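Just below is one structure, and these are the notes that go with it.
Read the figures in this text as sums done on the coordinates, not as results from a lab. Predicted model only: the values in this text are computed from it and were never measured. As a convention, Cβ positions derive from the backbone with ideal geometry for all residues, glycine included, and neighbour counts pool all protein chains shown.
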Amino acid sequence: MQSLPSKITGHALALLATVLLGGFLSATLMRLAPGFDTDERELDPHLNAQSVQALRNARSQDHNIFRFYFSYMKRAANGDLGTSLALGQPARTLLRDRAPLTLRLLAIGLALAWALTLTLALSAAWLRLSIYDTLTTIVSGTLLCIPAAVLALLSVLWNVPGSLAIALIVFPRTYRYTRNLLVKAYLRPHIITARAKGLGEARILFWHVVPVVTPQLLAVAGVSVSMAVGAAIPVEALCGLAGIGQLAWQAALARDLPLLVNITVLVTLVTLLANSGADVIGYVVRSQEG
Amino acid sequence: MNLWQKLACVVLTLVLGASIAANWLAPAGYAKQYREATDAPPSRAHWLGTDELGRDRFARVLYGTRISLLLAPAAALLSTLMAALIGGLAGYLGGVWARMAMAVTDLFLSLPWLFLLITARALMPLNVSPLVSVLVTFMLLGLLGWTTAARVLCTTAGSLRGSDFVRQARAAGLPGQRLFWVHVVPNLKPVLYAQFWISIPVFILSEANLGILGLGVTEPMPSWGSLLKELEGLVSIREEPWKFVPLILLVVVVTSFQLLLSKQEEVAA
C-alpha cells in the first residue's frame, strides 16, 4: 500500500501536469480558433500604415504556440494573467473580485445538496419503505430530467437564492450515487448476517453500512464539486450573479479567449484539488479502518 | 420490459412520430409570423399561442422536437464511435497507449461538462447561419462527449485483451488487426449500445442548457434549448402556463429515456 506522503506527492504531480497540459490545450485551441489574430483597431481609418504595422508586431510573438504559452506561463508566474478583451480589465482583478461570490454559492449549494442527499438516502435506507424510496427516486429523477439552466430560470421566477438552485442541480446526481452505494452495501454478506442476528436497522445502518460506503461517498463528494462548478455557470448567468460562472459565460459570448484560458486553468485546478483532496481523505479513512 | 418501460416506448414513439410529421401537423412553418397576433394566448388557430414575434408555438415545438430528437442520437453516434476508436483501441493495445488515452480522458473529465461545452463553443464563430449553428452545436456534443464512454470501453477492451479466447487466437497466429475487428469489437457491442443510449438524454439536456445560455441553435431555427429560452421573460407561471409545454415535453422525453436506460446502465457499468 502507498504511503500517505507519496500519495499526496503523486496527486500534486498529476495535478500540476494536468493543469499545465490543460492550459496548453486551451491556449492551442485559442490560437487555432477562427478570428484569432485579428484586431479591430487595425480598421481605424485614423491609423497610418506604421501604426497598423506596430499593432501587428505587438501580436507577432503570439504566432508560435509554444512561445505564446511559455510567455503566458512566465507572466502568470509573476501574477500577470493578461487582460480581458471584452471587459478591458486585468483577468487577475476580474477573477479576484468575482471569486468570493462563487465560492460562497458553491459552499452553500454543496452543503444544501449533501444535507438533502444524506437525509433522504439514509432515511430511505433506515425506513426501508418501498413507497418512500419510490417517492425520493421520483423527486430526484424528475430534477435530473430538468436542464440546469431551467432550474436557474425557475429560481429567478420564484425568487429563490442561487445557492438553492445549485443544490437542486447537484442533489439528484449525488442522491443517485449515494442510493446506489447504500443498496449495494445492504447486499453485503455481513449486513445480511447482522440482520439475521436481529440487529436494529439504525445500528446496522450507522455501524455497518455507513463505514463501508464512506470512502466511496468521499469520492462522490469530490466529483460533486465539479458538478457544482458546472451548475454555477447557468445559475450565475441567468440569476445575474457576478461570479466566475457569469464571467465564463460572458467570456464565451464575447469570444474573450484569453480570459477563457485563465478560467479554464482555474476551474481545472479547483476540480482536481477537490478530487485529489477527497481521494487523500478516503485513503486516510480506509487506512484507519485497517 | 416492464410496464413503465413499455409506456416510455409508446411515449417516445408518439413524440418522435409527431415531430417527424410536423410538416402535416403544424399549422404553419416554424418561422412564419402572425404579426397581428404576437404573444397571443392559446386559441383554435394557435393551440399553444404565439411567441413574441408572432410565430405559432405549437409548430415551433414540433419542429424543435424534431431537431433535438433526431440530432441528439446523431451526436450520440459520433461520440460512441469516437469512444470506440479511442477507448477500445487504447484498451486493446494496452501499455503506453492506454495510459495516454486515459490521461487525455482525465483531462477532459477534470472540467465540468457545461464549462467544457461553452469554452469549446466560444472557440467557434457565434454569428453563423441557423443551419450551421445546429450542426456546430450537435457536432460539439458528439466530439466532446466521448470521454466517459472511452474510459469504460478502454477498461472493457483491456480485460478482453487478457481473456483466454483472445490469447488463444493470438497464439494461433491471428494478425492483430483481424483479432481486434473479429474478436474484440463484437464483444464491445453491448457496452457500445449502452453508451449510445445513455448519451442521448445527456445531449438533449446539454443542448437545452446551451440554447438557454444563447450558445446553442440560433434563431429562427427552433430547438428545445431555444424554445426554453422563452421562460427567461416569464413573470408568473399562472399567467402563461402554456409556455411550459416545451419543458414538460422535454422532461417527459428525458424521463422516458431514463426509464428505458435502467437496463443499459447496468451493462455500461
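Counting Cβ atoms of other protein chains within 10 Å of each Cβ in B:221-228 and taking the mean gives 1. Helix A:257-289 and the longest principal axis of the Cα set of chain A meet at an angle near 30°.
Helix A:91-127 and the longest principal axis of the C-alpha atoms of chain A enclose an angle of approximately 20°.
Annotation for segment A:54-141: trypsin sites (Lys or Arg not before Pro) lying in DSSP loop with at most 16 further Cβ atoms inside 10 Å of their Cβ are A:Arg128. Compactness check for segment A:139-290: Cα Rg over 2.2 N^0.38 Å is 1.32. With the cut-off at under 16 Å, measuring from each backbone N in segment A:222-257 to a point 7 Å along the Cα-to-Cβ line of A:Val284 picks out A:222.
Per-residue Cβ counts within 10 Å, from other chains only, averaged over B:205-215: what number is that?
Partner Cβ neighbours, averaged per residue: 5.
I'd like the Karplus ³J(HN,Hα) series for segment A:203-214: coefficients 6.51, -1.76, 1.60, θ = phi - 60°, whole numbers in Hz, and an x wherever there's a Gly or Pro. Each residue of segment A:203-214 in turn: 5, 4, 5, 7, 9, 10, 8, 4, x, 5, 8, 4 Hz. Hydrophobic, long helices, defined as DSSP H runs whose alpha-carbon span along the helix axis is 24 Å or greater and whose mean Kyte-Doolittle value is at least 0.5, occur in chain B at B:3-20, B:57-83, B:185-212, B:245-268. Counting Cβ atoms of other protein chains within 10 Å of each Cβ in A:148-160 and taking the mean gives 5. For segment B:1-119, rounded, prolate or oblate, judged on the Cα gyration tensor with a ≥ b ≥ c (square roots of eigenvalues), a/c < 1.5 rounded, else prolate if a/b > b/c? Judged from the Cα gyration tensor, segment B:1-119 comes out prolate (a/c at least 1.5, a/b above b/c). Backbone amide hydrogens, once placed in the peptide plane, bring B:Gly216 within less than 5 Å of B:Gly211, excluding anything fewer than 5 places away on its chain. Take A:150-156, A:184-190, B:28-34 and order them by the average number of nearby Cβ atoms within 10 Å per residue, most first; the result is A:150-156, B:28-34, A:184-190.
Our coupling estimate for segment B:41-55, obtained by passing each phi through the Karplus curve with A = 6.51, B = -1.76, C = 1.60 and θ = phi - 60°, is x, x, 8, 4, 6, 10, 4, 10, x, 10, 8, 5, 9, x, 8 Hz, Gly and Pro reported as x.
Listed by chain and number, the lysines whose alpha-carbon sits under 29 Å from that of A:Lys7, ignoring those within fewer than 8 places in the same chain, are A:Lys74, A:Lys184. With the Cα gyration tensor of the protein assembly as shown giving a ≥ b ≥ c as the square roots of its eigenvalues, does the rule (a/c under 1.5 for rounded; else a/b larger than b/c for prolate; else oblate) give rounded, prolate or oblate? Rounded, because the longest to shortest axis ratio a/c is under 1.5.
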